[in-house]
Amino acid sequence: MLSARFSRVSPTLAAFRTVSKTKQAKSATAGAIAYRKGIRYNSTAALYYPNEPKKPQAVTDSIPGPVSVELNEVLGEVFDNRASYFVTDYDNSIGNYISDKDGNQLLDVYCQISSIPLGYNNPELFKTAQSKEMASALINRPALACFPPAEYANILKEGILAAAPPGTDKVWTALSGSCANETAYKAAFMYLAAKKRGSLDFSDEELTSVMNNEAPGSPETVILSFDKGFHGRLFGSLSTTRSKALHKLDIPAFKWPKAPFPALKYPLNEHSRENAEEEARCLAEFEEIICQYPPHTIAAIIVEPVQSEGGDNHASSVFFQGLRDITIKYDILMIVDEVQTGVGASGKFWAHEHWNLTTPPDMVTFSKKFQAAGFYYSNPNLQPKQAYRQFNTWCGDPSKALIARTIYQEVVKNDLVTKTASVGDYLYKELDSLFKRHPGKAKNLRGEDYGTFIAFDCANPTKRNEFLLRMRGAGINIGGCGDFSVRLRPTLVFEKSHAAVLLSAMETTLQEL
Amino acid sequence: MPHPTISVCEGYFPEEPVAPVVVTSSPGPKLKKAADALNKVFDSRAAYFVADYAKSQGNYIVDVDGNSYLDVYAQIASIPLGYNNPKLVEVAKSDKMTSAIINRPALGNFPGADTEEIIAELLKVAPKGQDKVWSGLSGADANELAFKAAFMWYQSKKRGYSSGFSTEETESVMKNQAPGSPELAIMSFERAFHGRLFASASTTCSKPIHKLDLPSFNWPKAEFPSYKYPLEANVAANQEEDRRCLAIVENLLKTWAVPIAAVLIEPIQSEGGDNHASNEFFQGLRDVTLKYGSLLIVDEVQTGVGATGTFWAHEHFNMSPPPDMVTFSKKFQSAGYYFHDPEIIPNQPYRQFNTWCGDPARMILAGAIGKEVVDKDLAKQAARVGNYLYPKLEALAGKYPAYMADLRGKNRATFIAWSFKDASLRNKFLADMKTVGINVGGCAEDSVRLRPTLVFEEKHADILVAGIEKILSSY
């Protein structure tokens, strides 16, 4: 469906068409100059990608180009690719630029739905991918909990665990965001049941009833999530996902509760009182819902620092501290879902660090930009007392843990979190003034002081989709969220120069809208 | 092959050890230290040992103390071609793999130029009758994706494939309520294992410890045949058992409180004790699912990729028509489900969808594994080695009947198992096998399962048989 819309010739395409692809294949000298410039200007992108394009490059009249369209048709015979934007040439993608198979290179601020941390074909990740360790991790994939490799402890300590959010010091690894959340739910359910059971062993009744999927062995305990939250699409995670009907239709779900998430008014500084009231209302309703359940029925709540798929909905530190206080009051675990917000894009390594909670969350889940997935925790009781309960064949993937280690080390070495915060500040201010110059076309700009994790609304879904499409025509690959929002999810090496390209394309596009 | 006297395994692994080497008691001193260090940050209480994968070769796994074990457990049945297989090293070092690792795509949105080619390799080894695939990340994930496909298919049959959703559906679903979130079920079998996420755990019925304290869907389970062994001596009783179990299936399809969108079954229930069933039972199941309009999902996560002597174990059954979906993972390294009915693809995009929709790095590896299995005819080789091994085990079972009951897996290549009297004896046996340098695993409470690689050959079988005999003769 989407691809059909793309095949239209974009009116703005000619504007960014430039002479040649040969330009991209610049000489080694140019690379060396760019490298030196990178050091001089403190540009990590220039260090990594001396040959990164300076702006989008078009070689065909429409995106996707004819080659991409044809390839997509062939692929569609065996793989459901109706959601495909275009067939990508990953070999021709570089840094912040993604290339379709026709050779069009677009500035990418969507980044595989927010999951490319350091840009395409990053040279440091390349080294890791070509290492002996990686080859072994790929071809000797272990059943990690049964036959862990000797080096796994260090790989975790130097990577995933070195990045652990404050107040956590252990990790359980998984394979995707959904899988990370579901394993966290399992930990929460087993923790709650163990607390109720105390020092007792499983009862015969539990052992028998669980085999029939019945209580008490399979209890009616729940996870509470928030309206418009997105936590994945497997059955447990999908039961907590409340973003869109299309994500959930026809799939049986657990009857788990949801609480309202604040709907803040923008600009924030003009609506402080109303927004404080809205958050107080949501907290009161949250507590009310908790009180409707018998004690020790809600094992955990799960919340995103910014509800991303659901429309980039933010809430203040006061709201999140309120959630933390209430969960402590009622002895409920708090899971923070950092699948989309984690790994630097918010201007902190973990977005929930913005809150300065008095007590850290009980579990923090991650995936996407970290490439590896899982959950952090500190309470040893979140590890079930018996082995083989939080267990499966692979228990994660060491090849992804290796990649995560390099990602973490590069983020630290190049100070990418701080840099992202500062690029974000620049971008936010420029967008603010851009939108003021084009009133009525984009509103509710959000993500101030939140790195490049920025979003805004269009007037309605049709306008939003038109905006996304025209931006693609102007050489920017960009994504939406919620019903009428646009979200920016660039890499951590998205810099001022890239922001300038983005802003100029937006200026043109808004004028045309 | 360069020389007829060189076996496939020797071709891959000229340096493979000729016998196990045991230098320390298990666990050795280095192992204890390494396990403790890891356990501080990662729950590794289930660790058999800490492995040195760089030194492991072919059918031999090496631990940090330098013990070298013949591995017939192979990462819970998930190492297809031996440790450090040179063909897979090539693939791991290829540019294609590097790109897949460092440019991991959101495959549904931005498929790569090579995606079609990668999928074509997976489809070359698709089970008979299947011509499409959807990718996941693990066995549990593969099964749950198949459940989702089944539920969407079931509702679309009621609604009409191209019909839209009602307002009532789109509103109720946001509250996790019917009709948008309907009351539908997947039927599984007693002793089945299909994974440990919430829906897959609801279909898993192997052991309480896999499920305790987790909320689950109230889905039905039928009975899987419990045969008497040896099969040749119990034909009538086992046929009767097939009929009894099929009647239970049919009864549940007719009477369960909510519609059953799909029936899910393993060709051999592996975690649940290596329980086998006959071709007639599987054909009966196919017939009854057609009769009642439920899909049939065959879970080949453990049985798939050659170890039973055919690429997919259910190919032994000659079911007609073929199953509606076949799930895979483990030895294939990639995961997902094969299918053929275009209406198993939901009527709109973004319904069967997630960020990654699989992992091209793993899919590339799967394609390479499939190609090696076909090129070197490794399913047939596994059958040959299984036929060599089985009679030797049969002889041992005759000699040590107290420790080898219900030997099963005849004509199922190396996918062989037997039972002990009880769990403690079985566990002792598994531990004792380490002292003779063999890493072997259990299933159910009292069984031993052999899950070697596809390059496990006669000479390895001899070492295994001698090891078993050495331990059993000491009891």
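The values are calculated or read from the model by the stated rules, or taken from the named source; none is laboratory data. Owing to the predicted nature of the structure, the values given are computational and were not obtained by experimental measurement. All Cβ positions, even for glycine, are placed from backbone atoms using ideal geometry, and neighbour counts span all protein chains on display. Heads up: the accessible areas ignore ligands, DNA and RNA and are worked out on the full protein's heavy atoms, side chains in. Shrake-Rupley method; radii C 1.70, N 1.55, O 1.52, S 1.80 Å.
So is B:Pro182 touching a strand residue (DSSP E or B) at 6+ places or on another chain (Cβ under 8 Å) and assigned to a loop (DSSP other than H, G, I, E, B) or not? Answer is no for this residue.
Listed here are the residues, each with its yes/no results for (1) touching a helix residue (DSSP H, G or I) at 6+ places or on another chain (Cβ under 6 Å); (2) at the interface with chain B (Cβ under 7 Å from one of its Cβ atoms); (3) in contact (Cβ under 8 Å) with a residue 60 or more places away in the chain.
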| position | (1), (2), (3) |
| --- | --- |
| A:Leu106 | no, no, yes |
| A:Ala129 | yes, yes, yes |
| A:Leu144 | no, no, yes |
| A:Glu182 | yes, yes, no |
| A:Leu192 | no, no, yes |
| A:Leu207 | yes, yes, no |
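Quick one: which residue in B:Val173, B:Val133 is outside any helix (DSSP H, G or I), within 12 Å of chain A (Cβ to nearest Cβ) and modelled with pLDDT of 95 or more?
B:Val133
Remark: pairs (first residue in the stretch B:196-208, under 15 Å from A:Ser239 (Cα atoms) and facing chain A (nearest Cβ under 8 Å); second residue hydroxyl-bearing (Ser, Thr, Tyr) and not in a loop (DSSP other than H, G, I, E, B); Cβ separation under 8 Å; 6+ apart in sequence or on different chains) = B:Phe198/A:Tyr185; B:Phe198/A:Ser239.
Checking each residue in the stretch A:361-376 for being outside any helix (DSSP H, G or I) and either among the aromatic types (Phe, Trp, Tyr) or more than 10 Å from chain B (Cβ to nearest Cβ) (or both) picks out A:Pro361, A:Asp362, A:Met363, A:Val364, A:Thr365, A:Phe366, A:Ala372, A:Phe375, A:Tyr376.
When the stretch A:359-384 is limited to residues that are surrounded by 24 or more Cβ atoms within 10 Å (Cβ to Cβ) and hydrophobic (A, V, I, L, M, F, W, C), the one that is farthest from A:Leu402 (Cα to Cα) turns out to be A:Met363.
This table checks each residue for (1) open to solvent by 10 Å² or more (accessible area, probe 1.4 Å); (2) among the hydroxyl-bearing types (Ser, Thr, Tyr); (3) outside the structural domain of B:Pro349 (by TED's automatic domain parsing).
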| position | (1), (2), (3) |
| --- | --- |
| B:Pro105 | no, no, no |
| B:Ala113 | yes, no, no |
| B:Lys132 | yes, no, no |
| B:Ser138 | yes, yes, no |
| B:Met174 | yes, no, no |
| B:Ala185 | no, no, no |
| B:Arg191 | yes, no, no |
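Among residues that are aliphatic (A, V, I, L, M) and free of Cβ contacts under 8 Å to residues at least 40 places away in the same chain, B:Val125 is not included.
Name the single residue, out of those in the stretch A:209-231 being free of Cβ contacts under 8 Å to residues at least 12 places away in the same chain and either in a loop (DSSP other than H, G, I, E, B) or of a type in the set (D, E, K, R) (or both), that is farthest from the other protein chains (Cβ to nearest Cβ).
The initial filter retains those residues of the stretch A:209-231 that are free of Cβ contacts under 8 Å to residues at least 12 places away in the same chain, namely A:209-215, A:218.
Filter once more, so that each one left must be either in a loop (DSSP other than H, G, I, E, B) or of a type in the set (D, E, K, R) (or both): A:213-215, A:218.
Details: A:Asn213: 4, A:Glu214: 7, A:Ala215: 9, A:Ser218: 4 Å.
That would be A:Ala215.
Across the stretch A:156-172, the qualifying residues are those that are of a type in the set (A, V, I, L, M) and buried (at least 20 other Cβ atoms within 10 Å of the Cβ), and the one among them that is farthest from the other protein chains (Cβ to nearest Cβ) is A:Ala163.
Mind checking which residues of the stretch B:222-249 are surrounded by fewer than 21 Cβ atoms within 10 Å (Cβ to Cβ) and within 14 Å of chain A (Cβ to nearest Cβ)? Passing the criteria: only B:Glu223.
Pairs are defined by a Cβ separation below 7 Å, a sequence spacing of at least 6 or placement on different chains, a first member in the stretch A:368-381 that is closer than 12 Å to A:Ala174 by Cβ, and a second member that is of a type in the set (Phe, Trp, Tyr); the pairs so defined are A:Ala373/A:Phe366; A:Gly374/A:Trp172; A:Gly374/A:Phe366; A:Phe375/A:Trp172. Of the numbered criteria (1) of a type in the set (Gly, Ala, Ser); (2) open to solvent by 10 Å² or more (accessible area, probe 1.4 Å); (3) in a loop (DSSP other than H, G, I, E, B); (4) over 30 Å from B:Phe198 (Cβ atoms), the one A:Ala387 fails is (4).
Evaluate the stretch A:283-291: report whether one residue or more is assigned by TED's automatic domain parsing to the domain that holds A:Tyr191, outside any helix (DSSP H, G or I) and not hydrophobic (A, V, I, L, M, F, W, C). No, the stretch A:283-291 contains no residue that is assigned by TED's automatic domain parsing to the domain that holds A:Tyr191, outside any helix (DSSP H, G or I) and not hydrophobic (A, V, I, L, M, F, W, C).
Look at the stretch A:370-391 and say how many of its residues are out of contact with any strand residue (DSSP E or B) (no Cβ under 8 Å at 6 or more places or on another chain) and closer than 13 Å to A:Ala180 by Cβ. Step through it out loud before you land on a result.
Start the filter on the stretch A:370-391 by keeping residues that are out of contact with any strand residue (DSSP E or B) (no Cβ under 8 Å at 6 or more places or on another chain), which leaves A:370-371, A:379, A:381, A:384-389, A:391.
From what's left, closer than 13 Å to A:Ala180 by Cβ: A:370-371.
Of the residues in that region, 2 qualify.
Could you check how many residues of the stretch B:62-94 are free of Cβ contacts under 8 Å to residues at least 60 places away in the same chain, part of a strand (DSSP E or B) and open to solvent by less than 10 Å² (accessible area, probe 1.4 Å)? Number of matching residues: 2.
Every residue in the stretch B:95-113 that is free of Cβ contacts under 8 Å to residues at least 24 places away in the same chain and either under 25 Å from the mean Cα position of the chain (by Cα) or in a loop (DSSP other than H, G, I, E, B) (or both), please.
Of the stretch B:95-113, the ones free of Cβ contacts under 8 Å to residues at least 24 places away in the same chain are B:95, B:98-99, B:102-103, B:109-111, B:113.
Within the stretch B:95-113, B:Asn103, B:Asn109, B:Phe110, B:Pro111, B:Ala113 meet the criteria.
Looking at the stretch A:52-67, can you tell me whether even one residue there is assigned by TED's automatic domain parsing to the domain that holds A:Lys101, modelled with pLDDT of 90 or more, over 30 Å from B:Ile119 (Cα atoms) and open to solvent by 50 Å² or more (accessible area, probe 1.4 Å)? Yes, the conditions are met somewhere in the stretch A:52-67.
State whether one or more residues within the stretch B:65-85 are out of contact with any helix residue (DSSP H, G or I) (no Cβ under 9 Å at 6 or more places or on another chain) and facing another protein chain (nearest Cβ under 7 Å). Checked against the condition, which is being out of contact with any helix residue (DSSP H, G or I) (no Cβ under 9 Å at 6 or more places or on another chain) and facing another protein chain (nearest Cβ under 7 Å), the stretch B:65-85 yields no hits at all.
The requirement of being within 20 Å of A:Ala315 (Cα to Cα) and either within 12 Å of another protein chain (Cβ to nearest Cβ) or open to solvent by 10 Å² or more (accessible area, probe 1.4 Å) (or both) is not satisfied by A:Leu249. Sub-7 Å Cβ pairs linking a first residue in the stretch A:65-81 that is of a type in the set (D, E, K, R) to a second residue that is modelled with pLDDT of 90 or more and open to solvent by less than 70 Å² (accessible area, probe 1.4 Å), at least 6 apart or interchain, are A:Asp80/B:Trp134; A:Asp80/B:Ile345; A:Asp80/B:Gln352, ordered by first then second residue.
Going through the stretch A:113-127 one residue at a time, which ones are surrounded by fewer than 24 Cβ atoms within 10 Å (Cβ to Cβ) and within 7 Å of chain B (Cβ to nearest Cβ)?
Narrowing the stretch A:113-127 to residues surrounded by fewer than 24 Cβ atoms within 10 Å (Cβ to Cβ): A:113, A:115, A:121, A:123-124, A:126-127.
A:Ile113, A:Ser115, A:Asn121, A:Phe126, listed by residue number.
Only one of the numbered conditions (1) within 17 Å of B:Lys331 (Cα to Cα); (2) at the interface with another protein chain (Cβ under 8 Å from one of its Cβ atoms) is violated by B:Gly112, and that is (1). Scanning the stretch A:293-315 for residues that are surrounded by fewer than 18 Cβ atoms within 10 Å (Cβ to Cβ) and either modelled with pLDDT under 95 or of a type outside the set (Phe, Trp, Tyr) (or both) yields A:Pro294, A:Pro295, A:His296, A:Thr297. Residues considered: B:Ala47, B:Ala37, B:Ala54. Of these, the only one that is within 22 Å of the chain's Cα centre (by Cα), within 7 Å of chain A (Cβ to nearest Cβ), surrounded by fewer than 24 Cβ atoms within 10 Å (Cβ to Cβ) and within 26 Å of A:Ala153 (Cα to Cα) is B:Ala47.
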